[in-house]
Structure formats: structure tokens, C-alpha cells
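Data block below; observations after.
The values are calculated or read from the model by the stated rules, or taken from the named source; none is laboratory data. As the structure is a computational prediction, the values presented were derived from the model and not from experiment. Cβ: placed from backbone, ideal geometry, glycine included. Neighbour counts: every protein chain shown.
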């Protein structure tokens, strides 16, 4: 667990941009912007860090398309304690319904894939306390892609 965290604090990028236009349809794009890549760790232009632990197979999660993932949330300050978890939650990357780091971090995952996300405060809950999460917390998510929501575009 600690090795994973140390490795993760290192770097290719996927950012998600979606906006709702006046015709009620999504205008989505998923530009790939590499900022740094060291070993297995990827750092996006937004500061999100991730490591693919298992690649998975099949369809990939895409922007603005509902997908199902499971997750375990830990705080970087207490990496051995589980803060929250779910076997299945629906995420629509780019919709703004979840924290930006989570939505950005699942894009590109293939069904059955596993990814460690290191979400900095600015992509999580920011400087203020949120429920029992102290302000300024770096979040660690172990994500499993259950269902990518259909064929990739």
C-alpha cells in the first residue's frame, strides 16, 4: 500500500471537458495532454495522478457516457484506513455530478480494469472540510471499472 502511494506520487493525461448546450445535448471532448510520465505513474495537466494496476479488456469509459465503477476511498494522511467504499456507483465523466478528480480519473479505463487515483485537494473537496474529510485532503481511490456503458467512440 505504501509502495503504491510512493510510486503514485510521480505522472500522460486525460482531461474531460463537457458542456451542456442549449439543445440539451452534450458537447464532449477528451483531449490527451501529457505532462509527465515516469514508469507506471501518470500525471495529468490538472494535477491528477494515477496508476493502472490492471488494464482490463473490452470497452473503455468515455466522457459524458454513464459507466459503473466500484471504489474504495482512503485519505493520503491515513492510507491504511478505508474512509468510504461502494461496489457500484454510476459516473458520467464530465457531468460535474462527482468531484472532478474522480470523473477525470475514470476516463479511459477498460471494463475489469483497476486504477489507483491520487486526487489533489483542488480536484477533490478543496480547502474546506467536507463531512469527515479534513479540508486540503489528498484522496486515494482504488477504482474498478465494472461497465463502460457501451462501445467506445
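Of all residues in the stretch 49-69, those satisfying the criterion of being under 11 Å from residue 106 (Cβ atoms) and either assigned to a strand (DSSP E or B) or touching a helix residue (DSSP H, G or I) at 6+ places or on another chain (Cβ under 7 Å) (or both) are 50, 60, 61, 67, 68, 69. Please find, within the stretch 108-122, the residue that is surrounded by the fewest Cβ atoms within 10 Å (Cβ to Cβ) out of those that are under 15 Å from residue 43 (Cα atoms) and at pLDDT 95 or above. Looking at the filtered set, the residue picked out is 122. Quick one: residue 146 ticks every box in (1) under 15 Å from the mean Cα position of the chain (by Cα); (2) in a loop (DSSP other than H, G, I, E, B) bar one, so which box is it? The failed condition is (2). Residue 46 fulfils the conditions (1) closer than 19 Å to residue 122 by Cβ; (2) in contact with a helix residue (DSSP H, G or I) (Cβ under 8 Å, 6 or more places away or on another chain); (3) not in a loop (DSSP other than H, G, I, E, B) except for a single criterion, (3). Just to be sure before I move on: is residue 96 more than 11 Å from the chain's Cα centre (by Cα) and either surrounded by fewer than 23 Cβ atoms within 10 Å (Cβ to Cβ) or not in a strand (DSSP E or B) (or both) in the structure I sent? It is true that residue 96 is more than 11 Å from the chain's Cα centre (by Cα) and either surrounded by fewer than 23 Cβ atoms within 10 Å (Cβ to Cβ) or not in a strand (DSSP E or B) (or both). Candidates 63, 57, 67: the one that is buried (at least 22 other Cβ atoms within 10 Å of the Cβ), touching a strand residue (DSSP E or B) at 6+ places or on another chain (Cβ under 9 Å) and over 18 Å from residue 142 (Cβ atoms) is 63. Residues that are in contact with a strand residue (DSSP E or B) (Cβ under 8 Å, 6 or more places away or on another chain) and part of a loop (DSSP other than H, G, I, E, B) within the stretch 70-84 comprise just one, 76. In a residue-by-residue description of the stretch 66-85, the property of being more than 13 Å from the chain's Cα centre (by Cα) and under 13 Å from residue 148 (Cβ atoms) applies to at least one position. Annotation note: Cβ proximity below 6 Å between a residue of the stretch 64-76 that is on the phi > 0 side of the Ramachandran plot and a residue that is buried (at least 17 other Cβ atoms within 10 Å of the Cβ) and assigned to a strand (DSSP E or B) (sequence gap 6+ or interchain) occurs for 64/18; 64/28. Please tell me if residue 87 is in contact with a strand residue (DSSP E or B) (Cβ under 8 Å, 6 or more places away or on another chain), on the phi < 0 side of the Ramachandran plot and modelled with pLDDT under 95. The answer is no for residue 87.
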